[in-house]
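The values are calculated or read from the model by the stated rules, or taken from the named source; none is laboratory data. No experiment lies behind these values; they were computed from the predicted model shown. Please note: Cβ atoms are built from the backbone with ideal geometry, for glycine as well, and neighbour counts cover all protein chains shown.
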Amino acid sequence: MKPIISAKEIEDLLRKGGDIKSLPSDAIFTPSARDLLWEFENNGARPGPATLERTPGKPMVAVTPASSPAQLEAFFNSPELHAVKLQVCEVGRRLWARAYVDGNGGNIAVRVGENLALCTPTLVSKGFMKPEDLCLVDLEGNQLIGEKKRTSEILMHLQIMKRVSRAVATVHCHPPHATAFAVAGVEPPTCMIPEIEVFVGKVPIAPYRTPGTPEMGKLVADLAEQHNTILMANHGVVSWSHVSVEDAYFKMEIIEAYCRTVVVAAQLGTPLKTFSQTHLQDLLKIKQTLGIPDPRIGLKECELCNNDEWRPGVIGAVPPKQLESGGGESELDGVSVSVATAPEGTSE
Ligand SMILES: [Zn+2]
């Protein structure tokens, strides 16, 4: 079997003075390993658009919620925290630009200390936040600093952080296609596109509770140890990252693009194809090297790719009658646009 090489292994090799030419030529490189090789071969230049600086998961300075108001104020206005605020504003701008948030919806939080988090304010569009709009809270949700009031949904973010010590950032928004699955109560099917299997995985649905309540936070946190992206029934999506706020945001792009593709593919008139369980095993191995949780790691092949509950609400089959008559309202330039609903009992 071909060896899988992660960015960490390449970094270790370089640190020991090794040569990247010594890496096996048939190796499979993880996406971040490929980035690192590219960077190395291009004298440190970064590929693609500029990426946001990584957010440290450890306390940035020795400030706690019990520190004096002056110390907290100094921390809140420090250059380190300003850099994190800029990252949060940038992620908010991307959420808005991609229509993942509406009105003042959506919220973002970043762990910035032992018992401290930076979060977005309530009643502000995520597309137009300024660094000074952000709030500093303790992990119980008490606001410590900030002119604007913290988001009402902060408890959910903090409950994820308290439950998953590795979670350094959380993002919540309402991307339409993924939210459609959450409204329909349908878990997105698996084994269709590699990207989501590696960076996200199987996405569960947390039951509906009123947004902002501790019960909502608990139901999401119950799923967060095993899943980095969770659909919230009749509401939206929340994700967490052990790397950075940008990485938590990437999971939103991945789940939304995936749900959009599945919805479109389900209308094309043929059953959707999946890749094999052996192929999924390969992806899960890559995922393990990246340190991303997945409850399927270690499962037997027969337990993977289980899409028993996947029932597309519509299928693109052309009703036989229309085919025989060879025309009618469903024909448009010779292409049938009719979408037949699935037989009764199969749609959910
Ligand atoms: Zn929401």
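In the range 220-237, what residues are touching a strand residue (DSSP E or B) at 6+ places or on another chain (Cβ under 7 Å) and either part of a loop (DSSP other than H, G, I, E, B) or within 14 Å of the ligand (Cβ to nearest atom) (or both)?
Answer for the range 220-237, where residues must be touching a strand residue (DSSP E or B) at 6+ places or on another chain (Cβ under 7 Å) and either part of a loop (DSSP other than H, G, I, E, B) or within 14 Å of the ligand (Cβ to nearest atom) (or both): VAL220, ASN228, ILE230, LEU231, MET232, ALA233, GLY236, VAL237.
What pairs can you find where one residue is in the range 1-25 and within 19 Å of LEU290 (Cα to Cα), the other is exposed (fewer than 10 other Cβ atoms within 10 Å of the Cβ), and their Cβ atoms are less than 7 Å apart, with a gap of 6+ or different chains?
Pairs that qualify, where the first residue is within 19 Å of LEU290 (Cα to Cα) and the partner is exposed (fewer than 10 other Cβ atoms within 10 Å of the Cβ), are LYS2/ASP26; PRO3/PRO24.
Within the range 221-264, which residues are of a type in the set (A, V, I, L, M, F, W, C) and surrounded by fewer than 16 Cβ atoms within 10 Å (Cβ to Cβ)?
Across the range 221-264, the qualifying residue is only VAL264.
Within the range 186-200, is even one residue buried (at least 20 other Cβ atoms within 10 Å of the Cβ) and closer than 19 Å to MET156 by Cβ?
Yes, the range 186-200 contains a residue that is buried (at least 20 other Cβ atoms within 10 Å of the Cβ) and closer than 19 Å to MET156 by Cβ.
Quick test of your reading of the structure: ARG150 fulfils all but one of (1) of a type in the set (D, E, K, R); (2) surrounded by fewer than 23 Cβ atoms within 10 Å (Cβ to Cβ); (3) at pLDDT 95 or above. Name the failing condition by number.
Against the list (1) of a type in the set (D, E, K, R); (2) surrounded by fewer than 23 Cβ atoms within 10 Å (Cβ to Cβ); (3) at pLDDT 95 or above, ARG150 comes up short only on (2).
Tally up the residues in the range 275-292 that are surrounded by fewer than 17 Cβ atoms within 10 Å (Cβ to Cβ) and charged (D, E, K, R), please.
Number of matching residues: 1.
Just the residues that are acidic (Asp, Glu), under 19 Å from ILE160 (Cα atoms) and assigned to a loop (DSSP other than H, G, I, E, B), please, taken from the range 81-140.
Passing the criteria: GLU114, GLU140.
Residue by residue through the range 207-241, note down the ones that are touching a residue at least 24 places away in the same chain (Cβ under 8 Å) and aliphatic (A, V, I, L, M).
If the condition is that a residue be touching a residue at least 24 places away in the same chain (Cβ under 8 Å) and aliphatic (A, V, I, L, M), then MET216, VAL220, ALA221, ALA224, ILE230, LEU231, MET232, ALA233, VAL237, VAL238 are the ones that fit.
GLY105 passes all but one of (1) free of Cβ contacts under 8 Å to residues at least 60 places away in the same chain; (2) within 22 Å of the chain's Cα centre (by Cα); which number fails?
So GLY105 meets the others, but not (1).
Residue pairs, Cβ under 9 Å, 6 or more apart or interchain, first in the range 257-280 and at pLDDT 95 or above, second of a type in the set (Ser, Thr, Tyr). List them.
As it stands, the answer is CYS259/THR179, since those pairs meet every condition given.
How many residues does the range 84-127 contain that are away from the ligand (no atom under 16 Å from the Cβ), modelled with pLDDT of 95 or more, small (Gly, Ala, Ser) and out of contact with any Gly (no Cβ under 7 Å at 6 or more places or on another chain)?
Counting residues in the range 84-127 that are away from the ligand (no atom under 16 Å from the Cβ), modelled with pLDDT of 95 or more, small (Gly, Ala, Ser) and out of contact with any Gly (no Cβ under 7 Å at 6 or more places or on another chain) gives 1.
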